[in-house]
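Engineer: The structure that follows is given in the form of structure tokens.
We did not get these values from a lab; they are worked out from the coordinates using the rules stated. Everything numeric here is computed off the predicted structure, so don't read it as measured data. Cβ: placed from backbone, ideal geometry, glycine included. Neighbour counts: every protein chain shown.
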Amino acid sequence: MVTIDMKQTLKKQLQETGQYLMQYELAWGNSGNISARTEDNSFLITASGTYLGDLDLEDFAEYSLETKKCMTSGRKPSKEIPMHQAIYETRPEIGAVLHSSPLYSTLVASSNIDIPSALFVEGMYYLERIERVAYAHPGSINLGELVREKAKKANILLLENHGVLVYDTSLKEAKMALQTLEMACKMLLISRKANVALQKLPDNVVQSFLHESGYKPRRRWES
């Protein structure tokens, strides 16, 4: 059972996450929305129209995965509920979902460029599997179902002509994944402009790192 104090702590963590995204240019304006799972089969999500860099503790709504309804009165939850709901229902180990549109990642999401994960250590782990999601209008049930189809196949989703969706076991891990994604996309685009050829690590080295290095526990994927 999650107490009021525990939910307040989670709200503070979300508040800090919003500030982090703005500080490191991983979000801008009032675009983007973030959420975190509670232990009551629900999740807290930013309210509609909020600014991630200046969130109050009242700028969150709680949504029930059981009843499919908002559990709080007052602030209206982000319209992107369907995407977050799809992730939490499909991936029970996921504790946090970040949706934003950082510059370089959104440029790649709006193109047909593939992101190599085998460029550096963090990329090998955090960007192990990336999937593209075809464009559907933000907040639509259709977009939520498209996300659901890809949720078990990756931990990074490029939302075409929209932004990115990153999810992981905790807010800390999700932030690292999002920053790693933006760094990889920035490296990729800058190297193209500068005519610098990036050298990817061989697949056997990548697999050795993922399975044997002890850097992070091995992820489990749907076959």
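Engineer: Neighbour counts of other C-beta atoms within 10 Å: give me 22, 176, 6 arranged from fewest to most. Walk me through the numbers on the way to the answer.
Structural biologist: Details: 22 19, 176 16, 6 13.
By the 10 Å Cβ count, ascending, the order reads 6, 176, 22.
Engineer: Between 0 and 90 degrees, rounded to the nearest ten: what's the tilt of helix 141-150 against the longest Cα principal axis of the chain?
Structural biologist: For helix 141-150, the angle is close to 50 degrees.
Engineer: Now for a separate question. Would you please give the residues with an amide H less than 5 Å from that of residue 60, counting only those at least 5 places away or on a separate chain, with H modeled from the backbone geometry?
Structural biologist: So residue 60 has HN proximity to 47.
Engineer: For the chain, what is the mean residue ellipticity at 222 nm derived from helices alone (per DSSP H run of n ≥ 4: -39500 (n - 2.57); sum divided by total residues; nearest 500 deg cm²/dmol)? Display every interim value, and only then the final one.
Structural biologist: Working: 7 runs with 86 residues, N = 223.
Taken over the chain, the calculation gives -12000 deg cm²/dmol.
Engineer: Could you give the alpha-carbon Rg of the range 116-223 over 2.2 N^0.38 Å, rounded to two decimals?
Structural biologist: Against the compact-globule rule of thumb, the ratio is 1.14.
Engineer: Step by step: find N for the range 4-212, compute 2.2 N^0.38 Å, then divide the Cα radius of gyration by it. What's the final number?
Structural biologist: Values: Rg = 16.9 Å, N = 209, 2.2 N^0.38 = 16.8 Å.
Against the empirical 2.2 N^0.38 Å value, I get 1.01 for the range 4-212.
Engineer: Same structure, new question: Neighbouring Cβ atoms within 10 Å as the yardstick, rank 203, 168, 59 fewest first.
Structural biologist: Numbers: 203 9, 168 23, 59 19.
Listing 203, 168, 59 from fewest to most nearby Cβ atoms yields 203, 59, 168.
Engineer: Around residue 170, which amide H atoms from residues at least 5 apart in sequence, or from another chain, sit under 5 Å from its own amide H, with H modelled in the peptide plane?
Structural biologist: When sequence neighbours closer than 5 places are left aside, the close amide H contacts are 95, 96.
Engineer: Using θ = phi - 60° and the Karplus relation 6.51 cos²θ - 1.76 cosθ + 1.60, list the HN-Hα couplings for the range 169-178 in order, rounded to whole Hz, with x at every Gly or Pro.
Structural biologist: So the J values, rounded to whole Hz, are 5, 8, 4, 4, 5, 5, 4, 5, 5, 5.
Engineer: Can you tell me the order of 120-133, 87-100, 206-219 when each peptide is scored by its average per-residue count of other Cβ atoms within 10 angstrom, highest first? Let's see the in-between values first.
Structural biologist: Values: 120-133: 19.1, 87-100: 21.0, 206-219: 12.0.
The peptides rank, most packed first, as 87-100, 120-133, 206-219.
Engineer: Cα axis of helix 4-23 to longest principal axis of the chain: angle in degrees, 0 to 90, nearest 10?
Structural biologist: So the inclination is approximately 40 degrees.
Engineer: Most exposed first by the Cβ proxy, i.e. fewest other Cβ within 10 Å, how do 113, 190, 4, 81 rank? Mind dumping the intermediate values first?
Structural biologist: Working: 113 14, 190 11, 4 7, 81 21.
In order of increasing Cβ crowding within 10 Å: 4, 190, 113, 81.
Engineer: Follow-up. Using only Cα atoms and rounding to the nearest 10 degrees, what angle (0 to 90) does helix 81-90 make with the longest principal axis of the chain?
Structural biologist: The angle comes out near 70 degrees.
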